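The values are calculated or read from the model by the stated rules, or taken from the named source; none is laboratory data. Everything numeric here is computed off the predicted structure, so don't read it as measured data. FYI the Cβ positions are ideal-geometry reconstructions off the backbone, even for glycines, and counts take in every protein chain you see.
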Amino acid sequence: MPSLPDWLKEIADRDGLGDDKEKAEKDAKWVDDFCDNLTVAIALRGWEEAVGLIEDGNEIIPSANI
């Protein structure tokens, strides 16, 4: 995704819109990393690690505003 022009970033920051986009990007990165780590753990038959990842995810999800 191309970055926003500086003038648009200034407007978004002034109006408080930049925070939502940053949070969404951070959340998307976390989900991506989580899925990748879980996939690797399962592929390598690292069951304890996979279960630990699922437990961590279950703790995080209720606190997310999804």
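Overview of results
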quantity: Selected residue [of a type in the set (D, E, K, R), modelled with pLDDT under 85 and under 12 Å from the mean Cα position of the chain (by Cα)] from 23, 29; calculated: 23
quantity: Matching residues, region 32-53, being loosely packed, with under 13 Cβ neighbours inside 10 Å and among the hydrophobic types (A, V, I, L, M, F, W, C); calculated: 35, 43, 44, 47, 51
